[in-house]
Amino acid sequence: MKIKEAKKIIISLSQPDKMPGYAYGLPAWECKTGGKLAKVPGSVCFGCYAMKGNYTRFPAIRESQYKRLASLKDPRWSEAMAVMINSQAVSKHKFFRWHDAGDVQDLDHLNKIYSVCRATPDKRHLMPTREAWIKEHLKDKPDNLVIRFSAPMMDQLAPDSWPNSSSVITRDQPWFGATSIICPSSKQGNQCLDCRQCWNPDIKNISYKAH
């Protein structure tokens, strides 16, 4: 498949200023679990950044996200995503982030992401999620993909049964213990810079400062 055809299928990738490479986003309004949490005060999704600001200020952003969502039904989607990620423009970046907005829709979507990761073995993939059902399918996960289950409430540690997780904190939480680290971005202009700890499967939990 040629890059031009692949781009037509997947619509586009995103390149968040914070991240060390490219990402892929879907409309946060269509998050299965996150959409419910967005209505719950004290949850990590309440006041979701991907439901305000530029996401609503510029209609083209939301329009593109919904086009990407529709593209998941295309049987060529996995191949097209792999072609784009392996393309020369993207290939120089070794780290890829799934869903800088939005989340996994269903098992078919998850399996398609797994296929993309297997077809891009030189990339290290990160996928935060609030979909608890994914834990039943971690045994099929490619080694180059780190899935971090996001604790649903502020200042909450995710269940220990998850190999990797993330939390959002309003203050330092020493009771998280040695299995958790605090994301350094809040002290470096909200940028990853040279940090790649989110993609490291040896780090069980990463806590992000709320902002």
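The values are calculated or read from the model by the stated rules, or taken from the named source; none is laboratory data. Quick caveat, the model's predicted, so the values are computed rather than measured. As a convention, Cβ positions derive from the backbone with ideal geometry for all residues, glycine included, and neighbour counts pool all protein chains shown. Areas reflect the complete protein model, heavy atoms only, side chains present, ligands, DNA and RNA absent. Shrake-Rupley method; radii C 1.70, N 1.55, O 1.52, S 1.80 Å.
When you look at residue 148, is it part of a strand (DSSP E or B), of a type in the set (D, E, K, R) and either exposed (fewer than 13 other Cβ atoms within 10 Å of the Cβ) or in contact with a Cys (Cβ under 8 Å, 6 or more places away or on another chain) (or both), yes or no?
Yes.
Here the condition is being of a type in the set (Ser, Thr, Tyr), touching a residue at least 12 places away in the same chain (Cβ under 8 Å) and within 21 Å of residue 28 (Cβ to Cβ); of 167, 115, it holds for 167 alone. Every listed requirement among (1) more than 19 Å from residue 129 (Cα to Cα); (2) over 15 Å from the mean Cα position of the chain (by Cα); (3) in contact (Cβ under 8 Å) with a residue 40 or more places away in the chain; (4) surrounded by 13 or more Cβ atoms within 10 Å (Cβ to Cβ) is met by residue 1 save one, (4). Within the range 12-32, being buried (at least 18 other Cβ atoms within 10 Å of the Cβ) and touching a Ser or Thr at 6+ places or on another chain (Cβ under 9 Å) holds for 22, 23, 24, 25.
Before we move on, is residue 124 over 24 Å from residue 81 (Cα atoms), open to solvent by 70 Å² or more (accessible area, probe 1.4 Å) and not β-branched (Val, Ile, Thr)? Reasoning before the result, please.
On the way: over 24 Å from residue 81 (Cα atoms): no; open to solvent by 70 Å² or more (accessible area, probe 1.4 Å): yes; not β-branched (Val, Ile, Thr): yes.
Considered against the rule, which asks whether it is over 24 Å from residue 81 (Cα atoms), open to solvent by 70 Å² or more (accessible area, probe 1.4 Å) and not β-branched (Val, Ile, Thr), residue 124 comes out as no.
Just to be sure, is residue 67 in contact (Cβ under 8 Å) with a residue 40 or more places away in the chain and open to solvent by 90 Å² or more (accessible area, probe 1.4 Å)? Against the criterion (in contact (Cβ under 8 Å) with a residue 40 or more places away in the chain and open to solvent by 90 Å² or more (accessible area, probe 1.4 Å)), residue 67 qualifies. Contact map, the range 129-140: first residue within 11 Å of residue 33 (Cα to Cα), second residue of a type in the set (A, V, I, L, M, F, W, C) and open to solvent by less than 70 Å² (accessible area, probe 1.4 Å), Cβ cut-off under 6 Å, separation 6 or more or different chains; pairs are 129/104; 131/104. When the criteria are applied in full, residue 9 fails the requirement of being open to solvent by less than 30 Å² (accessible area, probe 1.4 Å), under 25 Å from residue 145 (Cα atoms) and within 16 Å of the chain's Cα centre (by Cα). Quick check on the range 87-103: of everything there that is in contact (Cβ under 8 Å) with a residue 40 or more places away in the chain and of a type in the set (A, V, I, L, M), which residue is surrounded by the most Cβ atoms within 10 Å (Cβ to Cβ)? Ranking the candidates gives 101 first.
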